[in-house]
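Remarks on the structure that follows.
Derivation of every value follows stated rules applied to the coordinates shown; laboratory data play no part. Since the model is a prediction, treat every value here as computed from it, not as a measurement. Positions of Cβ are generated from backbone atoms using ideal geometry, with glycine treated the same way; all protein chains shown enter the neighbour counts.
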Amino acid sequence: MDNSKYESPLSGRYASKEMQYIFSPEKKFRTWRRLWIALASAQKELGLPITDEQIEELKAHADDINFEIAKEREKEVRHDVMSHVYAYGAQCPNAKGIIHLGATSCYVGDNTDLLLMKEALELIEIKLVNCIRALSDFAEKYKDLPMLGFTHFQPAQPTTLGKRATLWIWEFMMDLEDLRYVKNGIRLLGSKGTTGTQASFLELFEGDHEKCKALDNRIAQLMNIDGVYPVSGQTYSRKIDTRVLEILAGIAASAHKFSNDIRLLQHLKEVEEPFEKSQIGSSAMAYKRNPMRSERIASLSRFVMADTFNPMITSASQWFERTLDDSANKRLSVAEGFLATDGILDLVLNVSDGLVVYPKIINKHLMAELPFMASENLLMDAVKKGGDRQELHEKIREKSMEAGRNVKENGKENNLLELLAADGEFPLNKEDLEKAMNPALYTGRAKEQTEEFLEECVRPVLKEYEGKLGMKAKIEV
């Protein structure tokens with residue numbers, strides 16, 4: 001490793017080897033060669049004078065790319081595609097005259113970008129599904145564990161830990177639905193020529209429009225893609241990049257929400273992310289167990305959400321059939337958006353698989369607030385014993401204010417029940433009041449909602465991915 005040069009943290013720290021390979025030079029240039037083989041093969045099938053021997057020669061050198069030859073040629077001609085045409089031709093002397101026949105640079109550049117984005121979305125899809133699986137297991141396990149609910153981060157009606165997890169799962173489920181729609185809609189640019197009119201190919205096929213159309217579709221078939229976009233300039237619409245990055249930003253937003261909740265729960269000491277035996281939480285405070293994985297999720301997620309503006313502005317800025325002010329931006333924004341999202345999902349999966357729950361702390365916090373939460377039920381029970389609703393409401397209000405002052409001003413425990421039991425005019429005794437302190441009485445349909453959601457919404461989707469579940473994510477740094 002050359003430590004004197006900048007290396008992207010996305011490669012060095014966060015993204016998986018699989019995602020890094022998808023956007024590697026080797027993968028890109030191998031895909032260029034596959035596209036040149038597909039172009040030549042389709043042209044041969046449609047009657048152009050290309051031989052089987054030439055096709056076989058191209059196939060024989062599809063993967064052994066002579067990078068140094070291409071690199072030296074690019075210094076001379078300042079054109080990456082023509083440099084690789086030259087290098088491929090040097091390995092295939094019999095076929096060099098038919099490589100890239102009738103095509104523009106965007107034939108390999110744009111079609112490769114589309115193929116790589118589709119493959120990268122497939123990897124993101126599998127990781128996303130595994131995150132949903134891990135969180136679903138968590139929700140099932142804790143579906144009936146009561147805990148404080150919060151609105152505005154103020155204690156509110158109790159929920160269950162499993163039900164809270166369904167909120168995270170549901171957002172990831174929406175992301176999965178969006179991802180599948182966009183992924184399944186990705187097509188190829190095809191062989192469209194300089195301004196998208198296929199004029200060069202119409203010339204090659206001597207005015208035969210049907211062969212021009214057939215060429216597009218045959219290339220897509222050979223590349224295992226469902227057809228080509230119906231119209232284009234020289235490039236595919238850069239709006240496609242925007243749609244893809246919006247999917248990644250949606251996943252990042254869901255992951256950010258999840259990580260924020262985990263960070264807050266860790267502050268409350270109710271739920272913690274994994275913390276390894278020799279992990280250091282703070283260089284100064286040895287006792288600390290910082291939620292560094294969740295913080296990293298939030299940090300990378302902000303990068304991905306902000307990255308969405310790059311393809312959006314690029315798409316808006318294209319002139320007529322093609323400008324080149326997209327190229328440098330695309331190289332950065334698309335690849336790095338995927339690398340960062342890949343790293344985010346590895347972190348989400350790692351955290352979800354290793355969440356540590358502290359039921360006694362959860363119960364302690366809940367019981368400290370439950371007398372206030374139960375006041376409406378206490379009022380109804382007291383009325384049933386013959387009390388006046390309005391008078392009883394006022395008593396509960398007064399005692400609640402007193403108990404609140406004891407907690408906030410004096411640092412005491414919530415003693416609302418003791419205050420009510422000591423009031424001779426309140427019709428419920430201490431035993432009656434304590435019966436009302438069963439947390440399960442106040443969680444509504446949280447358990448049932450969790451069960452129904454998992455059974456009706458989540459498990460049918462997970463069943464579609466049966467052979468691809470069980471993925472684990474190891475965090476190296």
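If you take the Cα Rg of the range 336-406 and divide it by 2.2 N^0.38 Å, with N the number of residues, what do you get? Spell out each step's value before the answer.
On the way: Rg = 22.6 Å, N = 71, 2.2 N^0.38 = 11.1 Å.
Cα-based Rg divided by the globular estimate yields 2.04.
Give, as a single signed number, the net charge of other residues whose beta carbon lies under 14 Å from the beta carbon of ASN406, with Lys and Arg counted +1 and Asp and Glu -1.
Computed value for this residue: -2.
Over 16 Å, how big is the tail of the calculated P(r) for the range 14-98, in percent of all Cα pairs?
Details: 1970 of 3570 pairs.
Considering the range 14-98, 55 percent of its Cα-Cα pairs are separated by more than 16 Å.
Taking each pair of different alpha-carbon atoms in the range 107-260 once, compute 1/r for the pair, average those values, and report the inverse of that mean as the Kirkwood hydrodynamic radius in Å to one decimal.
Values: mean 1/r = 0.0542 Å⁻¹.
Mean inverse Cα-Cα distance, inverted, gives 18.4 Å.
Taking loop as defined by DSSP and a crowding limit of 11 other beta carbons within 10 Å, which chymotrypsin sites (Phe, Trp or Tyr not before Pro) in the range 120-168 fit? Please report the intermediate quantities before stating the final value.
Numbers: sites: PHE138, TYR142, PHE150, PHE153, TRP168; in loops: TYR142, PHE153.
Passing both the DSSP loop test and the Cβ count: PHE153.
Search the structure for amide H atoms under 5 Å from the amide H of GLY196, placed 1.01 Å from N in the peptide plane, and list their residues when 5 or more places away or on another chain.
Sorted by chain and number, the residues that satisfy this are GLN234.
When ranked by the protection proxy of mean other Cβ atoms within 10 Å per residue, highest first, what sequence do the peptides 183-196, 226-239, 313-326 form? Spell out each step's value before the answer.
Details: 183-196: 20.9, 226-239: 17.1, 313-326: 14.0.
Descending packing order for the listed peptides: 183-196, 226-239, 313-326.
For ALA120, what charge total do you get from the other residues with a beta carbon under 13 Å from its beta carbon, if Lys and Arg give +1 and Asp and Glu give -1?
On the way: positive: LYS27, LYS28, LYS118, LYS127, LYS183; negative: GLU18, ASP113, GLU119, GLU122, GLU125, ASP241, GLU336, ASP342.
Spelling it out: positives minus negatives among the neighbours equals -3.
In the range 143-174, which residues have a backbone nitrogen under 13 Å from the label point lying 7 Å from ASN377's Cα in the Cα-to-Cβ direction?
Answer for this model: 146-147, 157-159.
Tell me which lysines have Cα within less than 24 Å of LYS75's Cα, excluding those fewer than 8 residues away on the same chain?
LYS5, LYS27, LYS28, LYS96, LYS330
For GLU418 paired with SER237, estimate the spin-label separation in nm (one decimal), with each label point 7 Å from Cα along the Cα-to-Cβ line.
If labels sit at GLU418 and SER237, their model points lie 6.9 nm apart.
Find the relative contact order for the chain and round it to a whole percent, using C-alpha pairs within less than 8 Å whose residues are 6+ positions apart. If you can, show how the numbers build up before the last one.
Numbers: 617 pairs, mean separation 89.2, N = 477.
Relative contact order, the chain: 19 percent.
List the residues, sorted by chain then number, that are 5 or more residues from MET147 or on another chain and whose placed amide H is less than 5 Å from its amide H.
Correct list: THR159, THR160, LEU161.
Jot down the radius of gyration and Dmax of the chain, Cα atoms only, both in angstrom.
30.9, 105
Given the convex hull over the Cα atoms of the range 375-436, what projected area results after averaging over all orientations, in nm²? Numbers along the way, then the final one.
Details: hull surface 15.4 nm².
With the hull built on Cα positions only, its mean projection is 3.8 nm².
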